[in-house]
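One structure below.
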Amino acid sequence: MSTEATKAEILVVDDEIQIRRLLISIMEEAGYNVRKAETGKTALTEAAARRYDIIILDLGLPDIPGIEVLKQLREWSHTPVLILSVFGEEHDKVAALDAGADDYLTKPFGESELLARVRALLRRVQPADEASPVNFGSVEVDLVRRLVTKSGQPIKLTAREYALLRLFIVHRGKVLTHRLVLSELWGPRSEEQTHYLHVYMTRLRQKLEDEPDTPKFFQTEPGIGYRFTG
């Protein structure tokens, strides 16, 4: 991930020349290095040839559907992907997030919001270094020793609660859809059993949040899933 001394490298993938020019202008004015791709095939070639910090990807590409580009990309790359699309229905967002997108913004978009989301992705922690404790609020999680404390006091988590917590930590800042979490923790045949997840999220919040009814760290993305912001 880029540091202050190194400009972030961003790949803009969009077939609309006006949108592409706008995105490049916004990103370059904000101080980022930007390269472009007009097709899905070119995007995959670019992503394989260079190391990018973020890929901004349109879903409506002329050769390969953006969702397929995303799926192929996720077979070998963990580069954060921000979907930028005219398709704003809930099922479109869920499909993209399930396929591995890190965030989703619909067109038309505001410049300030776009840049804020880019900054958030650049800050996002990559899969956690399990040798180092993770801290949020008064909670500390030692992933090596599988210990969780709050204000210095041990917190007892069941195996499933701990697995859910670890999943959130590894994907800190990323929206995790109901289907993805259920598949990871309960298996692919449990993807529609959202009540399981609701019960465990309630338990996790009660044990780790200072105010479980207004959670600060384990936030709900309505109709989609959850996001860990610790």
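Can you tell which of 120, 85, 59 lies farthest toward the positive end of the dipole of the chain, using +1 and -1 charges on the Cβ of basic and acidic side chains (Lys, Arg; Asp, Glu)?
So the residue furthest toward the plus end is 120.
Please report, for the Cα atoms of segment 71-189, the Rg to one decimal and the Dmax as a whole number; what are they, in angstrom?
Final numbers for Rg and Dmax: 16.5, 48 Å.
Can you tell me how segment 1-64 classifies by the Cα gyration tensor, rounded, prolate or oblate, using a/c under 1.5 as the rounded cut?
On the way: a/c = 2.97, a/b = 1.41, b/c = 2.10.
It comes out oblate by the Cα gyration axes.
Here are some values of semi-axes √(5λ) of the Cα gyration tensor in Å: (1) 29, 20, 16; (2) 33, 20, 16; (3) 26, 22, 20. Which one was computed from this structure?
Among (1) 29, 20, 16; (2) 33, 20, 16; (3) 26, 22, 20, the one derived from this structure is (2).
Of 147, 137, 214, which is farthest along the charge dipole of segment 134-228 in the positive direction, counting Lys and Arg as +1 and Asp and Glu as -1 at C-beta?
Value: 147.
When the dipole is taken about the Cα centre of the chain, and only Lys, Arg (+1) and Asp, Glu (-1) are charged at their Cβ, what size is it in debye, to the nearest 20? Walk me through the intermediate numbers first.
On the way: 31 positive and 35 negative charges, 165 e Å.
My answer is approximately 800 debye.
Using the reciprocal of the averaged 1/r over all distinct C-alpha pairs, how large is the Kirkwood radius of segment 134-228 in Å? Working shown, then result.
Values: mean 1/r = 0.0739 Å⁻¹.
Answer for segment 134-228: a Kirkwood hydrodynamic radius of 13.5 Å.
Mind running the shape call on segment 9-123? Use the C-alpha gyration tensor, a ≥ b ≥ c as the square roots of the eigenvalues: rounded below 1.5 for a/c, prolate if a/b tops b/c, oblate otherwise.
rounded
Only four residue types carry charge here, +1 at the Cβ of Lys and Arg and -1 at the Cβ of Asp and Glu. Report the dipole size of segment 9-123 about the Cα centre in Debye, rounded to the nearest 20. Please list the in-between numbers first.
Numbers: 14 positive and 21 negative charges, 75 e Å.
Roughly 360 debye, rounded to the nearest 20.
Toward the positive end of the charge dipole of the chain, about the Cα centre and with charges on Cβ (Lys, Arg +1; Asp, Glu -1), which of 196, 157, 223 goes farthest?
The Cα lying farthest towards the positive end belongs to 157.
Counting only pairs 8 or more places apart or on different chains, how many lysine pairs in the chain have C-alpha atoms closer than 19 Å?
The result is 12.
Within 10 Å, count the other beta carbons around each residue, average over each peptide in 104-113, 18-27, and list them highest first. Provide the component values of the computation, followed by the final result.
Values: 104-113: 13.3, 18-27: 16.4.
My ranking of the peptides, most packed first, is 18-27, 104-113.
So for 181, 170, 69, fewest C-beta neighbours within 10 Å to most, what's the order? It would help to have the intermediate numbers written out before the result.
Values: 181 24, 170 17, 69 27.
Least to most surrounded, the residues fall as 170, 181, 69.
Give me the distance between the Cα centres of segment 178-230 and segment 76-122, rounded to whole Å.
That distance is 20 Å.
Every read-out reported here was derived from the displayed coordinates using simple, explicitly stated rules and does not represent laboratory data. What you see is a predicted model; the values in this text were computed from it and never measured. Because the Cβ atoms are built from the backbone with ideal geometry, glycine has one as well, and the counts that use them run over all protein chains shown.
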